[in-house]
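> I'd like to ask some things about the structure below.
The values are calculated or read from the model by the stated rules, or taken from the named source; none is laboratory data. Keep in mind the model is a prediction, meaning the values are calculated, not measured. Ideal geometry is used to build each Cβ from the backbone, glycine not excepted, and the neighbour counts take in all protein chains shown. When the accessible area is computed, the model is the full protein with side chains, heavy atoms only, and any ligands, DNA or RNA have been set aside. Shrake-Rupley method; radii C 1.70, N 1.55, O 1.52, S 1.80 Å.
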Amino acid sequence: MRKALRWLLALTVFIGTLSTAGAATAAQSEPDIKDRLLAIPGMSLVQEKPYPGYRYFVLNFTQPVDHRHPSKGTFQQRITVLHKDTSRPTVFYTGGYNVSTTPSRREPTQIVDGNQVSLEYRFFTPSRPAPADWTKLDIWQAASDQHRVYQALKPIYSANWLATGGSKGGMTATYFERFYPRDMDGVVAYVAPNDVVNKEDSAYDRFFAGVGTKECRDRLNAVQREALVRREPLEKRYARYAADNGYTFDTIGGLDKAYEAVVLDYVWGFWQYSLLKDCGTIPADAATATDDAIWDSVDAISGFSAYTDQGLETYTPYYYQAGTQLGAPTIHFPYIEKKLIRYGYQPPRNFVPRSIPMRFQPDAMRDVDTWVRQHARHMLFVYGENDPWGSERFRLGAGSRDSYVFTAPGMNHGANVAGLVPDQKALATARILEWAGVAPAAVRADPSAARPLARHDARLDVRDVEREPALRP
């Protein structure tokens with residue numbers, strides 16, 4: 001009997017050894033993820049950065065300047081890959097602007113404990129064709145960029161994919177879904193504006209008439225008005241500030257226009273980036289506040305560098321799109337005398353060099369809005385209650401399926417799933433897990449049990465609103 005037991009034990013050990021050796025051989029034979037990425041035609045490595053538990057790559061990918069005519073030139077588009085495991089789902093993120101080359105993880109990536117591919121939007125430096133044919137900067141071309149990246153990476157990351165983005169990135173994720181609805185298994189779009197009729201902006205005026213508390217609105221309105229009352233002395237300070245920093249104003253057409261644009265962004269900028277509790281930082285009595293106090297408050301919220309040539313240059317692609325397809329808001333200031341306002345909210349044309357032609361296409365946003373209402377599937381839109389950009393938002397229609405629009409109470413342009421009321425937070429998390437194909441059985445049985453699959457990482461998990469000058473989503 002003991003001989004039989006010894007023989008069985010020896011056999012078990014032998015089989016285990018063979019199994020371990022086989023697994024090791026399989027692991028050794030599987031190509032390194034970097035090699036797999038670089039084997040993709042058109043993919044090249046910029047750098048690899050270490051991060052615990054991940055591999056992080058900054059890459060360039062060769063894209064056609066014109067996806068309708070691929071033979072007419074290419075450019076290098078920058079992407080990053082936060083690699084966890086090829087068996088995990090992948091989140092496709094774009095902010096709609098430049099891509100960060102610092103490892104970070106967006107909320108859906110943490111929820112599904114997955115990989116993340118991040119894409120720099122075309123025409124943002126360095127992902128800009130040379131020479132730049134600005135007619136090739138539109139939402140379809142950008143969606144086609146995403147489509148080609150997805151097609152290139154899907155053979156490696158074969159599990160489910162989700163598209164996500166905040167603000168202009170949320171718009172971008174939505175446009176991607178509209179033009180390539182078979183690519184993604186779900187979309188999570190944060191604080192995405194939806195300006196269907198560019199010339200009708202009364203929703204913004206209604207928002208500013210009721211947001212927050214009357215006391216806070218009065219404080220903000222008074223500082224904004226006082227900055228225009230003191231235009232002469234503060235513009236002299238602005239001129240010194242510009243000279244000291246080498247700033248110029250050729251694109252917008254002069255310091256006076258830039259000054260007013262910054263001041264008129266003030267109230268909007270506060271609600272975009274701040275919370276109601278931050279009203280205590282606003283001068284309580286603008287009329288008796290010092291020039292320094294008025295200047296500092298406006299600069300902290302709007303940024304006096306925003307409408308300089310140097311401040312505008314980075315965002316030329318955004319303003320071009322705002323003036324050709326996306327639309328831009330116009331609001332009114334009933335608490336400020338007309339004599340104090342010389343230009344009002346200026347159009348995007350004023351923020352793009354005149355050497356770049358622009359023509360507005362009114363059907364672009366209407367097409368996307370109609371598609372979302374009629375065809376949205378596995379789409380989640382998250383807005384902030386106190387974010388002005390949510391005044392014109394995406395809405396669902398009778399044709400939408402398994403899609404949701406939620407509003408985070410009291411939140412600004414940094415609204416997220418974590419800020420939703422508990423039942424909506426649980427439902428949103430459960431749907432994201434389900435769309436990604438990783439919902440545990442307990443969550444499928446009871447959505448209230450839904451939690452992010454990955455622990456919070458203070459370095460990786462970006463939760464604050466991305467700071468950009470006001471009036472850019």
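> For segment 348-376, how many residues meet the condition of being in contact (Cβ under 8 Å) with a residue 24 or more places away in the chain, more than 16 Å from Thr172 (Cα to Cα) and not in a loop (DSSP other than H, G, I, E, B)?
Matching residues across segment 348-376 total 7.
> Picking from Tyr259, Tyr318, which residue would you name as being in contact (Cβ under 8 Å) with a residue 60 or more places away in the chain, among the hydroxyl-bearing types (Ser, Thr, Tyr), part of a helix (DSSP H, G or I) and open to solvent by less than 10 Å² (accessible area, probe 1.4 Å)?
After applying the criteria, what remains is Tyr318.
> Turning to a different aspect of this structure: Among the candidates Arg455, Arg395, single out the residue that is of a type in the set (D, E, K, R), open to solvent by 60 Å² or more (accessible area, probe 1.4 Å) and under 20 Å from the mean Cα position of the chain (by Cα).
Values: Arg455 fails: under 20 Å from the mean Cα position of the chain (by Cα).
None of the other options fit; the residue is Arg395.
> Let me ask something else about it. Please tell me if Ala442 is modelled with pLDDT of 95 or more, surrounded by fewer than 14 Cβ atoms within 10 Å (Cβ to Cβ) and among the small types (Gly, Ala, Ser).
Considered against the rule, which asks whether it is modelled with pLDDT of 95 or more, surrounded by fewer than 14 Cβ atoms within 10 Å (Cβ to Cβ) and among the small types (Gly, Ala, Ser), Ala442 comes out as yes.
> Follow-up question, since we're still on this one. When the residues of segment 262-308 are filtered to those that are in a helix (DSSP H, G or I) and acidic (Asp, Glu), which remaining residue is farthest from Tyr343 (Cα to Cα)?
The residue in question is Asp278.
> Residues in segment 188-215 that are in contact with a Gly (Cβ under 9 Å, 6 or more places away or on another chain) and either modelled with pLDDT under 95 or among the hydrophobic types (A, V, I, L, M, F, W, C) (or both): how many?
8
> Moving on to the next point. Is it true that some residue in segment 239-251 is touching a strand residue (DSSP E or B) at 6+ places or on another chain (Cβ under 7 Å) and part of a loop (DSSP other than H, G, I, E, B)?
no
> Right, here's the next one. Which pairs turn up if I take residues in segment 325-337 that are within 10 Å of Val267 (Cβ to Cβ) and look for partners that are surrounded by fewer than 17 Cβ atoms within 10 Å (Cβ to Cβ) and not β-branched (Val, Ile, Thr) with beta carbon separation below 7 Å, at least 6 apart in sequence or on another chain?
Short answer, once both residue conditions are applied: Ile331/Asp205.
> If you scan segment 355-381, which residues turn out to be under 20 Å from the mean Cα position of the chain (by Cα) and within 25 Å of Ala430 (Cα to Cα)?
Val372, Ala376, His378, Met379, Leu380, Phe381
> Kindly evaluate Pro193 against the criterion of being of a type outside the set (Ser, Thr, Tyr), in contact with a His (Cβ under 8 Å, 6 or more places away or on another chain) and touching a residue at least 60 places away in the same chain (Cβ under 8 Å). Show your work before the answer.
Numbers: of a type outside the set (Ser, Thr, Tyr): yes; in contact with a His (Cβ under 8 Å, 6 or more places away or on another chain): no; touching a residue at least 60 places away in the same chain (Cβ under 8 Å): yes.
Criteria not met by Pro193.
> Please indicate, with yes or no, whether at least one residue in segment 65-73 is in a strand (DSSP E or B), within 25 Å of Ala143 (Cβ to Cβ), open to solvent by 60 Å² or more (accessible area, probe 1.4 Å) and at pLDDT 95 or above.
no
> Next question, about the same structure. Would you call Pro193 open to solvent by less than 40 Å² (accessible area, probe 1.4 Å) and closer than 16 Å to His69 by Cα?
no
> Please state which one of Gly384, Gly390 is at pLDDT 95 or above, surrounded by 16 or more Cβ atoms within 10 Å (Cβ to Cβ), within 18 Å of the chain's Cα centre (by Cα) and within 17 Å of Pro329 (Cα to Cα).
Numbers: Gly384 fails: within 17 Å of Pro329 (Cα to Cα).
So the residue among Gly384, Gly390 that is at pLDDT 95 or above, surrounded by 16 or more Cβ atoms within 10 Å (Cβ to Cβ), within 18 Å of the chain's Cα centre (by Cα) and within 17 Å of Pro329 (Cα to Cα) is Gly390.
> Follow-up. Take the residues in segment 321-349 that are open to solvent by less than 20 Å² (accessible area, probe 1.4 Å) and of a type in the set (S, T, N, Q), then tell me which one is nearest to the chain's Cα centre (by Cα).
By that ranking, first place goes to Gln321.
> Okay, next question. Within segment 164-172, is there a residue that is over 24 Å from Gly390 (Cβ atoms) and either surrounded by fewer than 22 Cβ atoms within 10 Å (Cβ to Cβ) or in contact (Cβ under 8 Å) with a residue 24 or more places away in the chain (or both)?
No, segment 164-172 has no match at all.
> List the residue pairs whose Cβ atoms are under 7 Å apart, where the first residue sits in segment 445-473 and is closer than 20 Å to Tyr56 by Cα, the second is exposed (fewer than 15 other Cβ atoms within 10 Å of the Cβ) and modelled with pLDDT under 95, and the two are 6 or more positions apart or on different chains.
none
To keep it simple, each residue is scored yes or no on (1) among the charged types (D, E, K, R); (2) farther than 24 Å from Leu38 by Cβ.
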residue	(1), (2)
Ile79	no, no
Pro103	no, no
Gly114	no, no
Pro131	no, yes
Gln141	no, yes
Ser144	no, no
Lys168	yes, yes
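> In segment 27-36, is there at least one residue being part of a strand (DSSP E or B), touching a strand residue (DSSP E or B) at 6+ places or on another chain (Cβ under 8 Å) and either loosely packed, with under 11 Cβ neighbours inside 10 Å or at pLDDT 95 or above (or both)?
Among the residues of segment 27-36, not one is part of a strand (DSSP E or B), touching a strand residue (DSSP E or B) at 6+ places or on another chain (Cβ under 8 Å) and either loosely packed, with under 11 Cβ neighbours inside 10 Å or at pLDDT 95 or above (or both), which makes the answer no.
> Looking at the structure I just gave you, is Trp295 modelled with pLDDT of 95 or more, under 22 Å from Val197 (Cβ atoms) and either crowded, with 21+ Cβ neighbours inside 10 Å or not acidic (Asp, Glu) (or both)?
no
> Looking at Arg237, Arg217, Arg231, Arg225, which is the one that is open to solvent by 60 Å² or more (accessible area, probe 1.4 Å) and within 27 Å of Ala328 (Cβ to Cβ)?
Of Arg237, Arg217, Arg231, Arg225, the one residue that is open to solvent by 60 Å² or more (accessible area, probe 1.4 Å) and within 27 Å of Ala328 (Cβ to Cβ) is Arg225.
> Quick one: Ile252 ticks every box in (1) open to solvent by 10 Å² or more (accessible area, probe 1.4 Å); (2) touching an Asp or Glu at 6+ places or on another chain (Cβ under 9 Å) except a single one, so which number is it?
Of the numbered conditions (1) open to solvent by 10 Å² or more (accessible area, probe 1.4 Å); (2) touching an Asp or Glu at 6+ places or on another chain (Cβ under 9 Å), the odd one out for Ile252 is (1).
> Any residue in segment 83-93 that is open to solvent by less than 20 Å² (accessible area, probe 1.4 Å), over 26 Å from Pro473 (Cβ atoms) and touching a His at 6+ places or on another chain (Cβ under 7 Å)?
no
> Within segment 398-413, can you find the residues that are closer than 16 Å to Tyr273 by Cα, open to solvent by 10 Å² or more (accessible area, probe 1.4 Å) and among the small types (Gly, Ala, Ser)?
The answer is Gly410, and nothing else.
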